[in-house]
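Engineer: My structure is below; once you've seen it, I'll send some questions.
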Ligand code: VG1
Ligand code: CO
C-alpha cells in the first residue's frame, strides 16, 4: 500500500451552501473534485493527524465510492481512526450522535439531503465538527479558502475496505470501525422518550404510516417503530434505501410525499402519517385530514414540551413558536436559515428545541435536525394527550392564534434574473416603509443579518423581510442548496386570531399577502415566471 501526494489545481466554485457542498453527481465524480474538497477540509481544520472521524451517507448513487476515497485520504493524512456506518449508511442525526458519543473530531457526511439522487442528479458532502453540528460559517469560509489555494492532496493506494462487515479493520495505521448504523441512534431515542407509553399507543390500535421515501430512514424507522414500539409490519413504506430514491425527490412535503398524502386522505387512513428526507434530518407530520406545517409543528412541540428552556427558529419560519415562547416565558431566538446557526445556542444550553419552516425540527440531543426524533416527539404528545392531530391543531390555534403560512419556490431561474429580483428588492427597501400593498401597510423592511450572541460572528444577506404590522410578513431569499440555476423562495405568513377564522384554506387566508409580495418583488417582470413551481 503506497501513500501518494497527488498534484492538483484549485477547482473554481467549491463553496459550500446552506448545508455543505452540493453539486451534480457527475461534477463530484470528475477527476480530483471530491479529493480536492476533502483535502481542503482537512487542511482547514489543521490537518487530520491523530484525529478521528465519522464517515457515512444517505446511500445515494456514488456514496459507496466517495466513502472509499475519504477513507484512503483520511489514512494518508494520518488520521487515527474512523467510524463508518455499515455499507456506508448513516443518517445525518445518527452521524451527529456518533461524533458526540465517541468524542470524534468531526464527520464527513455524504448527502445532498432532499435533492434527488443518481448519476444525473445530485451529490453532496457536509463536514460536521466535534460538537456534532455542521461546520460553522467561519470554518466553511476557511474550507473555501483552502479549495482556492490547493496544490496537492494525499491519498493511499489501497483495496476497498469491506464496509459490509461490522467490526474493526485497518487501513495503514488507521483503524476503520464499521458499526450498525441504527443501534446507537435507537439507544439514544430510548433515553429521550417513554417507549412504554409509545408501545401502549400502538397496542391500543393506533395506526400510522411512515414514508421513508426510499431513503436513509427506512432501517431506522423499521427498527424503532415496528420492532421496538410494536407498530404493525408495513407501517414503514418505501423503507429500503435506494441509490436513486426510487426516482423521486426524497423531500418530505405534500408535493413529493404524494403517496403518503393519498393514504392519509383515503377512507381507511391511519391516525398519523410522517415522512423523512434523503438523509433523515427532515420530517413531515400529518394527521387524518390535518397536514401540519413545519412551523406549526415546532410551535406544538414547544407548547407540549415538559421542560422547555428556550427555543429558536430560522428567520423565514413562522412566528407561531414565538407566541408559545412568550406565553411560557422562555427566550425565542431568530437565526439565519441553516442548522449551523443553532449550534452555539444549543451548546450554550440556551435552547432545547429549534426548527425551520423547511421540515426541520430538533433539540439538544444531537446538533442536527432530526426527522425520527420529531416523529417520536409527536407520538409522545399524542400518547400523553390522547388527542388526534386535528384536535391538537384546533386546540393550539384557539389558544395561540394561527400563523397561516406558505412557501412559494421559483426553481432553476437564471442566476442573473434571480439576482436582479434580489437587487431590486434591496434597492426598494428604504422607500417601502409606509407604502401600502393589497391593503397591507409596510411597517418595516430590511435585509436580515445576524449577530451570534455566543461567538459574536456576524452573518449578513440572509433574506429580505417585508413586515406588515404584527400580523403579516413576506420574506424573499435565494436557496443555497440547489445545483442548477437559482431558486427564489418567497415565504408568506399571516396571523389570524379570530376564533371563527381558523379553518380557512391557506391560499385564501394568504391572498392579500401573496398579492402584496407580487407587487413588491415583480417576480414576473424580472424572471418571466407567472407562478411558482412548488408551493409547500
Ligand atoms: C434548505 C432549507 C433550509 C435547510 C437546508 C438544508 O436550504 O430552506 O431550511 O436548512 O435546506 O436542509 P435553502 O438554502 O435551499 O433554502 V437539508 O435537510 O437539505 O440538509
Ligand atoms: Co436533509
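The values are calculated or read from the model by the stated rules, or taken from the named source; none is laboratory data. Predicted, not measured: the structure shown is a model, and the values here were computed from it. We place every Cβ from the backbone using ideal geometry, glycine too, and count neighbours over all the protein chains shown.
Engineer: Within region 184-196, does at least one residue satisfy the condition of being assigned to a loop (DSSP other than H, G, I, E, B) and crowded, with 19+ Cβ neighbours inside 10 Å? Reasoning before the result, please.
Structural biologist: Quick first cut of region 184-196, residues assigned to a loop (DSSP other than H, G, I, E, B) only: 193-194.
Subsequent filtering for residues that are crowded, with 19+ Cβ neighbours inside 10 Å retains none.
No; the residues of region 184-196 include none that is assigned to a loop (DSSP other than H, G, I, E, B) and crowded, with 19+ Cβ neighbours inside 10 Å.
Engineer: Please pick out the residue among 225, 260, 163 that is in the same structural domain as residue 49 (by TED's automatic domain parsing), buried (at least 21 other Cβ atoms within 10 Å of the Cβ), outside any strand (DSSP E or B) and out of contact with any helix residue (DSSP H, G or I) (no Cβ under 6 Å at 6 or more places or on another chain). First the steps, then the outcome.
Structural biologist: Numbers: 225 fails: in the same structural domain as residue 49 (by TED's automatic domain parsing); 260 fails: in the same structural domain as residue 49 (by TED's automatic domain parsing).
Going through 225, 260, 163 in turn, just one is in the same structural domain as residue 49 (by TED's automatic domain parsing), buried (at least 21 other Cβ atoms within 10 Å of the Cβ), outside any strand (DSSP E or B) and out of contact with any helix residue (DSSP H, G or I) (no Cβ under 6 Å at 6 or more places or on another chain): 163.
Engineer: I've got another one for you. Which residues, taken from region 312-332, are in contact with a helix residue (DSSP H, G or I) (Cβ under 6 Å, 6 or more places away or on another chain) and either within 16 Å of ligand 1 (Cβ to nearest atom) or farther than 16 Å from residue 453 by Cβ (or both)?
Structural biologist: Let us first name the residues in region 312-332 that are in contact with a helix residue (DSSP H, G or I) (Cβ under 6 Å, 6 or more places away or on another chain), namely 312-313, 317-318, 320-321, 323-324, 332.
Within region 312-332, 312, 313, 317, 318, 320, 321, 323, 324 meet the criteria.
Engineer: Give the residues of region 100-132 that are within 18 Å of the chain's Cα centre (by Cα), under 18 Å from residue 369 (Cβ atoms) and away from ligand 2 (no atom under 14 Å from the Cβ), sorted by residue number.
Structural biologist: 107, 127, 129, 131, 132
Engineer: Something else: Name the single residue that is farthest from ligand 1 (Cβ to nearest atom) among those in region 333-363 being assigned to a loop (DSSP other than H, G, I, E, B) and over 27 Å from residue 406 (Cβ atoms).
Structural biologist: Taking region 333-363 and keeping what is assigned to a loop (DSSP other than H, G, I, E, B), we get 336-338, 348-352, 357-359, 363.
Then keep just the ones that are over 27 Å from residue 406 (Cβ atoms); that gives 348-350, 352.
Details: 348: 20, 349: 22, 350: 20, 352: 19 Å.
Out of the qualifying residues, it is 349.
Engineer: OK, next. Mind checking which residues of region 133-148 are over 16 Å from the mean Cα position of the chain (by Cα) and under 23 Å from residue 449 (Cβ atoms)?
Structural biologist: Taking region 133-148 as the starting set, the residues that turn out to be over 16 Å from the mean Cα position of the chain (by Cα) are 137-148.
Once the filter is applied, which keeps residues that are over 16 Å from the mean Cα position of the chain (by Cα) and under 23 Å from residue 449 (Cβ atoms), region 133-148 yields 137, 138, 139, 140, 141, 142, 143, 144, 145.
Engineer: Continuing with this model, one more query. Filter region 66-99 for residues that are more than 16 Å from ligand 2 (Cβ to nearest atom), assigned to a helix (DSSP H, G or I) and under 18 Å from residue 37 (Cβ atoms) and give the result.
Structural biologist: 66, 67, 68, 69, 70, 71, 72, 73, 74, 75, 76
Engineer: If you go through region 412-432 one residue at a time, do you hit one that is part of a loop (DSSP other than H, G, I, E, B), surrounded by fewer than 13 Cβ atoms within 10 Å (Cβ to Cβ), at pLDDT 95 or above and over 27 Å from the mean Cα position of the chain (by Cα)?
Structural biologist: No; the residues of region 412-432 include none that is part of a loop (DSSP other than H, G, I, E, B), surrounded by fewer than 13 Cβ atoms within 10 Å (Cβ to Cβ), at pLDDT 95 or above and over 27 Å from the mean Cα position of the chain (by Cα).
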